[in-house]
Amino acid sequence: MRELPVQLATKLYGAAELIADQGLDNTKIDDIAEASGVPKATLYYYFTGKEEILAFLLKDLLTAIAGDVAVAVSAEGRASERLAGVVRAQLGVMLRNPASCRALVGDLGRATRLPELAAALSAAFYEPVEKLLREGAEDGSLRRAEDPMSEAVMIFGTVTIAGLMEAIMGAHREMDAIANGVARLLLDGLAPRSPGATGA
């Protein structure tokens, strides 16, 4: 895929709502051209088809998440505090881009089979959160994970579902309320256990 100029990328976001409403299978390139204001010939110059357009929209979402997550991971404070910041960062990006989130839900199976998205997701979230979990075990704010990468995947899934449900249902709850609830759930499960405590 050729590199897309910023001005065209901005227009293309207009297609996210269309894909979210109709699903990719029911959306034609002509529909995307009309919704985005980008000529069909221009779309075919940059993309081989509508699957690549969906991949672009989702990768762009992951890039935004990666930037905000990186800031949260590198902030001052204990790892547990920074993990709460990661939750807030991911949810913030998702709730600012509800159409892209809804498009992801509609074509989740297709999206998860795109190798470039898998690589982007690992770099955007899994790897930095895995590092954060290891740091939490060192500073005593999180329990030592048996498999930090698997736990990073589970954390992403938890936050993603919370964000997707909000994007789909449109309950318009405050982002901080959602983030605090998810962070509380995660941290209650990740907090160090006192001596003699028994796990579930």
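The values are calculated or read from the model by the stated rules, or taken from the named source; none is laboratory data. Here the structure is a predicted model, which means the values were calculated and not measured. So basically every Cβ, Gly included, is an ideal-geometry build from the backbone, and we count neighbours across all protein chains shown. These accessible areas exclude ligands, DNA and RNA; they are computed on the full protein's heavy atoms, side chains included. Shrake-Rupley method; radii C 1.70, N 1.55, O 1.52, S 1.80 Å.
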Pick from the stretch 147-178, criterion modelled with pLDDT under 90 and not in a helix (DSSP H, G or I), ranking: least open to solvent (accessible area, probe 1.4 Å):
170
So in the stretch 1-24, with the set limited to residues that are without any contact (Cβ under 8 Å) to a residue 40 or more places away in the chain and of a type in the set (A, V, I, L, M), which one is surrounded by the fewest Cβ atoms within 10 Å (Cβ to Cβ)?
6
Expected single match for open to solvent by 30 Å² or more (accessible area, probe 1.4 Å), more than 23 Å from residue 19 (Cα to Cα) and modelled with pLDDT under 85 among 75, 123, 118, 70 is 123
If I filter the stretch 46-65 down to residues being among the aliphatic types (A, V, I, L, M) and touching a residue at least 60 places away in the same chain (Cβ under 8 Å), which single residue comes out as surrounded by the most Cβ atoms within 10 Å (Cβ to Cβ)?
65
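Suppose the filter is open to solvent by less than 50 Å² (accessible area, probe 1.4 Å) and either of a type in the set (Val, Ile, Thr) or without any contact (Cβ under 8 Å) to a residue 40 or more places away in the chain (or both); does residue 41 pass it? Before you say what the answer is, go through the steps one by one.
Details: open to solvent by less than 50 Å² (accessible area, probe 1.4 Å): no; either of a type in the set (Val, Ile, Thr) or without any contact (Cβ under 8 Å) to a residue 40 or more places away in the chain (or both): yes.
So residue 41 does not fit the description; no.
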Test each condition in (1) in contact with a Ser or Thr (Cβ under 8 Å, 6 or more places away or on another chain); (2) at pLDDT 75 or above; (3) open to solvent by 60 Å² or more (accessible area, probe 1.4 Å); (4) not aromatic (Phe, Trp, Tyr) for residue 187 and report the one that comes out false.
(3)
Give me the pairs, please: first residue somewhere in the stretch 138-154 and free of Cβ contacts under 8 Å to residues at least 40 places away in the same chain, second residue anywhere and open to solvent by 60 Å² or more (accessible area, probe 1.4 Å), beta-carbon distance under 7 Å, and either six or more positions apart or on two chains.
148/134
